[in-house]
Amino acid sequence: MLRRIKLYQNLIIKQNKMKIGFIGSGKMAEAILSGILDSKIMSSRDIYCSDINIDRTEYLKNKYEVSIFNNTKLIEKCNLIFLCVKPQDIKKLKMDLFNKLNNQQTLISILAGIKISTLIDISNHESVIRVMPNTPAQIKNGVSVWSSTTQTNKEHIDETKKILNSIGQQYQVDDEQIIEMATALSASGPAYLFYFIESLIESGQKIGLSDELAHNLTIQMLKGSLNLYEFSKESAEQLRKNVTSPGGTTEAAMNVLNNKKFKDIIIEAVDSAHKRGLELGE
C-alpha cells in the first residue's frame with residue numbers, strides 16, 4: 001500500500017511540475033493555449049496569462065479557466081514562458097526578465113525578427129527557444145519553424161515539440177536565418193493567400209456572380225487545387241500547364257498575369273517581408 005501511495009505521489013508531482021505562462025495574450029497565444037488544452041498536454045490550472053489589455057486576459061480566463069497574473073508573478077511560477085507581445089515592445093520586458101530566470105525555466109519567443117541573442121541580452125538567460133508559427137494554428141493546421149540554444153533545457157525542448165505539434169506541423173532548424181526566411185514565407189504567407197482569395201471573390205462578383213456563389217466557388221476551387229497539388233506527383237508548374245490549353249480561357253488569364261509580372265510581384269513581396277524581419281531584429 002505504501003509503495004502504491006508513493007508511486008501515486010510521484011505521478012502527481014510529474015504531472016504538475018510543468019507550468020506555462022504567456023506574456024501577451026493575443027490570438028496566437030490563444031491558439032497555442034487552445035492546442036495545449038485540446039491535446040491534454042496539461043490542464044488549465046497549469047497555464048498563466050498576462051496582458052496589458054485586461055479585457056483580453058479576462059476573456060481567456062472565462063473561456064479556458066486559466067489563471068491571470070502580472071508579468072512578475074507569472075515569471076516566478078512558470079517553467080516555459082512564451083513571449084507573445086509585439087516585436088517593437090520586447091525591450092519593455094527587460095525589467096521583468098533580466099536576472100529573473102533560473103535553470104528550470106525557458107523563454108520561448110514567437111516574435112518576428114527578434115533574434116535569440118536579443119532575447120538572451122534582455123533576460124541574461126541562455127535557455128531560449130525561438131519559434132515562428134502562423135495563424136492557421138488557430139484551427140490546429142499551422143506550421144512552426146523553430147530553433148533553440150545549446151543551453152536550452154532538453155525537457156523543455158521536448159515539451160515545446162509537443163506544444164507545436166498540437167497546433168500543426170513543426171520544423172526544427174539549426175540556422176536561425178531560416179526562421180527569418182520562414183517568417184516571410186509561411187508566417188506572413190496566409191495574408192498573401194487571403195488577399196488573393198479576396199481578389200478572386202471580387203472578380204467573380206464583377207463579372208456577374210452572386211456574392212455567395214463567388215465565395216463558394218473560390219473556396220472550393222482552392223481546396224480542390226491544394227489537395228490536387230498535395231497528392232500529385234507533378235510539380236506546381238506542370239499542374240499549371242495542364243490547365244492552360246493553347247488559345248483557351250486560362251491562357252488568356254495567364255497572359256495578363258505574366259504581362260503584369262505576377263510572379264515577380266510575389267517574389268518581391270516575400271523579399272520585402274524578409275528584409276523587414278531583419279530590420280526588426282536590428
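Rounded to the nearest 5, what is the percent of antiparallel bridges among the DSSP beta bridges in region 17-175?
15 percent
Which order do S210, S203, S67 fall in if you start with the one that has the fewest other Cβ atoms within 10 Å?
Listed from fewest to most nearby Cβ atoms, that is S210, S203, S67.
So what's the gap between the Cα centers of region 208-274 and region 30-99, to the nearest angstrom?
Each part reduced to its Cα centre gives a spacing of 40 Å.
Compute the angle between helix 54-64 and the longest alpha-carbon principal axis of the chain, please, reported from 0 to 90 degrees and rounded to the nearest 10.
90 degrees
If you take the charge dipole of the chain about its Cα centre, with +1 on Lys and Arg Cβ and -1 on Asp and Glu Cβ, which of F69, L213, S232 is farthest toward its positive end?
F69
Excluding same-chain residues fewer than 8 positions from K260, which lysines have a Cα within less than 28 Å of its Cα?
List returned: K206, K223, K241, K275.
GluC sites (Glu not before Pro), restricted to region 29-124: which are DSSP loop and have at most 16 other Cβ atoms within 10 Å?
Answer in residue order: E65.
Can you return the aspartates and glutamates within cross-link range of K92? Criterion is Cα-Cα under 20 Å, with same-chain partners fewer than 8 residues away left out.
Leaving aside aspartates and glutamates fewer than 8 places away in the same chain, those within reach of K92 are D51, E76, D121, E126, E279, E282.
Test of the criteria: in region 173-282, which trypsin sites (Lys or Arg not before Pro) are in a DSSP loop and have at most 15 other Cβ atoms within 10 angstrom of their Cβ?
Listed in order of number, the matching sites are K233, K260, K261.
Per residue of region 188-205, what does 6.51 cos²θ - 1.76 cosθ + 1.60 with θ = phi - 60° give for ³J(HN,Hα)? Whole Hz please, x for Gly and Pro, Karplus curve as stated.
Going residue by residue, I get 7, x, x, 5, 4, 5, 5, 5, 5, 4, 4, 5, 5, 4, 5, 5, x, 5 Hz, with x marking Gly and Pro.
Could you point to the residue in I139, L107, V85 farthest towards the positive end of the chain's charge dipole, with +1 and -1 charges on the Cβ of Lys/Arg and Asp/Glu respectively?
Going by the charge dipole, the pick is L107.
Are there any chymotrypsin sites (Phe, Trp or Tyr not before Pro) in region 44-152 that are in a DSSP loop and have at most 15 other Cβ atoms within 10 Å? List them by number.
F98
Readers should treat all values here as calculations from the given coordinates under stated rules, not as data from a laboratory. If you're wondering where the values come from, they're calculated on a predicted model, not measured in any experiment. Neighbour counts run over all protein chains shown; Cβ positions are idealised from the backbone, glycine included.
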